[in-house]
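Novice: Following this message is one structure expressed as structure tokens.
Bear in mind that the values in this text are calculations on the coordinates, not laboratory data. Given the structure is predicted, the values throughout are model-derived calculations rather than measurements. With ideal geometry, Cβ positions are generated from the backbone for all residues, glycine too; neighbour counts draw on all protein chains shown.
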């Protein structure tokens, strides 16, 4: 199924205020990690602190893009993004050599950018329409209680287990910081590092870190209840 992903790296404006080299180091790590993980994708664009990905296989893209989120978080970089149903395209307009136009021909990009801005923290959000399509074979998993009632409905390693409603039920999110290579102690280490940063931040930055910590807790919780019940 077609999809469009839009994301941006949090805190780059603050990094530039501290120094251009500080921001450049963060952006270089962002670009390097994204290129390493998504180099096989046909349609990836990066500009400054923004990332666009579009394609025809949303299921594959969710898994691969989630690796970018997790790897960046391990490096102390917070990526926030959203994936929506539909593939971004542009109207064919008259252009010049020095005047390029990229006018979206529908609301796909606006939906992705709007959804991304709805939540705080390093979150991987999924539009409800797209999440419903991805969860087509396990419809009970569209809710938390349905997931528990039908926890055996798919293989233990199914990526669909990581799709769940956001705490405010405004959309879905992908619990990207839950994979077979994340050992239990990694949760504690990452959470402690983020919590130790909190007292040094202003209110706006603290909220980003607090919501990221809450996301990590949700990843650990669903991982634990899944493994406990399946065993």
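Novice: Work out the FRET efficiency for residue 230 and residue 195 from their Cβ-Cβ distance, taking R0 = 30 Å, and round it to the nearest 0.05.
Specialist: The pair residue 230/residue 195 has a calculated efficiency of 0.50.
Novice: Shifting gears a bit: Quick one: order 1, 83 by neighbouring beta-carbon count within 10 Å, fewest to most.
Specialist: Fewest to most other Cβ atoms nearby, the residues stand as 1, 83.
Novice: Give the Cα extents of the chain along the principal axes, in whole Å, largest first.
Specialist: Projected onto its principal axes, the Cα set of the chain covers 62, 43, 31 Å.
Novice: Tell me, what is the FRET efficiency for residue 17 and residue 60 to the nearest 0.05, using R0 = 45 angstrom and their Cβ-Cβ distance as r?
Specialist: Numbers: r = 38 Å, r/R0 = 0.85.
Efficiency, rounded to the nearest 0.05: 0.75.
Novice: Then there is this: Which value in Å is the Kirkwood Rh of region 106-231 over different Cα pairs?
Specialist: 15.7 Å
Novice: Want the number for residue 210 to residue 48: 0.36 nm per residue separation, take away the alpha-carbon distance, what's left?
Specialist: Gain on extension, residue 210 to residue 48, equals 55.8 nm.
Novice: Order by neighbour count: 216, 151, fewest other Cβ atoms within 10 Å first, most last.
Specialist: 151, 216
Novice: Still on this structure, please answer the following. Within the chain, what percent of beta bridges assigned by DSSP are antiparallel, to the nearest 5?
Specialist: Percentage antiparallel, nearest 5: 90.
Novice: Here's another thing I want to ask about it. Grab the DSSP H runs of the chain that are 4 residues or longer, score each as -39,500 (n - 2.57), total them, divide by all residues and round the 222 nm result to the nearest 500 deg cm²/dmol.
Specialist: -15000 deg cm²/dmol, from helical runs alone.
Novice: Alpha carbon centre of region 204-231 versus region 100-123: separation in Å?
Specialist: Between the Cα centre of region 204-231 and that of region 100-123, the gap is 25 Å.
Novice: Neighbour counts of other C-beta atoms within 10 Å: give me 225, 126 arranged from fewest to most.
Specialist: Details: 225 13, 126 28.
Ordered from fewest to most neighbouring Cβ atoms within 10 Å, 225, 126 come out as 225, 126.
Novice: Rank 30, 90, 41 by mean-square fluctuation in a GNM of the chain with C-alpha springs under 10 angstrom and give only the top-ranked residue.
Specialist: The residue that fluctuates most here is 90.
Novice: For residue 217 paired with residue 102, estimate the spin-label separation in nm (one decimal), with each label point 7 Å from Cα along the Cα-to-Cβ line.
Specialist: That separation, rounded to one decimal, is 3.8 nm.
Novice: Could you state the number of Å between the C-alpha centres of region 136-155 and region 46-76?
Specialist: 25 Å
Novice: Is region 20-115 rounded, prolate or oblate when judged by the Cα gyration tensor, a ≥ b ≥ c being the square roots of its eigenvalues, rounded requiring a/c under 1.5 and prolate requiring a/b larger than b/c?
Specialist: oblate
Novice: Of the peptides 194-207, 103-116, how do they stack up when ordered by the mean number of other Cβ atoms within 10 Å, highest first?
Specialist: Most protected by this proxy first, the peptides run 103-116, 194-207.
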